[in-house]
Amino acid sequence: MGALLSTRRLRLRRSTPDDVDLLTDLDSDPDVMFPELGYRIRKPFWGKGYATEGSAGLIDRAFAELGATRVVAETMVVYTASRRVMEKVGMRLVRTFFADWPDHIPGDEHGDVEYAITRAEWASGSGRTGCRGAAISGSVRPAGAFRRPGARDLSSLRT
Ligand SMILES: CC(C)(COP(=O)(O)OP(=O)(O)OC[C@H]1O[C@@H](n2cnc3c(N)ncnc32)[C@H](O)[C@@H]1OP(=O)(O)O)[C@@H](O)C(=O)NCCC(=O)NCCS
């Protein structure tokens with residue numbers, strides 16, 4: 001497979017099924033492992049609580065099954081619905097930041113926000129809703145996954 005980018009010592013390419021052992025090894029190391037969640041909901045289904053339900057289920061899985069210690073979510077400041085989803089699953093605002101994105105998205109002049117929930121907060125019930133196995137298009141992705149162009153319209157969760 002062709003490289004997306006080559007540097008002096010690195011050849012950056014898309015991962016393939018042949019990389020599964022390397023990815024498993026990477027994700028087995030608690031110092032580098034973090035799940036990442038992305039969600040998008042088809043418009044007819046907005047506002048029905050699906051993103052909240054799915055996010056809560058995936059957070060439950062991150063803590064209960066993957067051994068995560070902290071889950072972090074990022075979105076743009078202006079994505080109010082996404083921020084509301086984060087709040088509803090018990091996450092708290094950690095910071096507002098301005099990243100040097102190569103691509104411009106309307107509203108990014110207001111920056112991005114990071115939300116988080118710790119295992120202790122989740123275990124105390126502040127963010128736990130008990131929702132499991134929700135049917136949204138979400139996935140737990142390994143650390144090191146490239147941020148796709150335009151990925152700021154996706155919320156991301158990582159430990
Ligand atoms: C963001 C998105 C994933 C949310 O999915 P969803 O299933 O509709 O979310 P939920 O129904 O679980 O919760 C949405 C919450 O945001 C609130 N909300 C929606 N639009 C809002 C707005 N413009 N301003 C303030 N709150 C808003 C809803 O009222 C709801 O909160 P509530 O339950 O307290 O009333 C979905 O709307 C989507 O895919 N949008 C695509 C465009 C987009 O905004 N993407 C940014 C993603 S980071």
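The values are calculated or read from the model by the stated rules, or taken from the named source; none is laboratory data. Remember, predicted model here, so these are calculated numbers, not experimental data. So basically every Cβ, Gly included, is an ideal-geometry build from the backbone, and we count neighbours across all protein chains shown.
Return a yes/no flag: does region 37-50 have any residue that is β-branched (Val, Ile, Thr) and exposed (fewer than 12 other Cβ atoms within 10 Å of the Cβ).
Step one: of region 37-50, the residues β-branched (Val, Ile, Thr) are 41.
Remaining after also requiring exposed (fewer than 12 other Cβ atoms within 10 Å of the Cβ): none.
The answer is no; no qualifying residue exists.
With region 46-118 as the region, which strands (runs of 3 or more DSSP E) entirely inside it contain at least 2 residues that are charged (D, E, K, R) and within 13 Å of the chain's Cα centre (by Cα)? Lay out the reasoning, then the answer.
Working: elements: 70-76, 92-97, 112-118.
It comes to 70-76.
Which residues, taken from region 1-30, are at pLDDT below 85 and small (Gly, Ala, Ser)?
Of everything in region 1-30, those that are at pLDDT below 85 and small (Gly, Ala, Ser) turn out to be 2, 3, 28.
Any residue in region 70-86 that is among the small types (Gly, Ala, Ser) sitting within a Cβ distance under 7 Å of a residue that is within 6 Å of the ligand (Cβ to nearest atom)? List the pairs, counting only those 6 or more apart or interchain.
Once the first residue is among the small types (Gly, Ala, Ser) and sits in region 70-86, its partners that are within 6 Å of the ligand (Cβ to nearest atom) give 73/155; 82/75; 82/155.
Hey, could you check region 82-134 for residues that are surrounded by 18 or more Cβ atoms within 10 Å (Cβ to Cβ) and of a type in the set (Lys, Arg) and say which is modelled with the lowest pLDDT?
128
So in region 12-45, with the set limited to residues that are β-branched (Val, Ile, Thr) and part of a loop (DSSP other than H, G, I, E, B), which one is farthest from the ligand (Cβ to nearest atom)?
Taking region 12-45 as the starting set, the residues that turn out to be β-branched (Val, Ile, Thr) are 16, 20, 24, 32, 41.
Now restrict to residues that are part of a loop (DSSP other than H, G, I, E, B): 16, 32, 41.
Numbers: 16: 28, 32: 25, 41: 4 Å.
Among those that are β-branched (Val, Ile, Thr) and part of a loop (DSSP other than H, G, I, E, B), it is 16.
If you scan region 66-104, which residues turn out to be among the hydroxyl-bearing types (Ser, Thr, Tyr), farther than 22 Å from residue 31 by Cα and away from the ligand (no atom under 14 Å from the Cβ)?
Within region 66-104, the first condition is being among the hydroxyl-bearing types (Ser, Thr, Tyr), and the residues that meet it are 69, 75, 79-80, 82, 96.
Next cut, farther than 22 Å from residue 31 by Cα only: 75, 79-80, 82, 96.
Residue satisfying the conditions is 96 alone.
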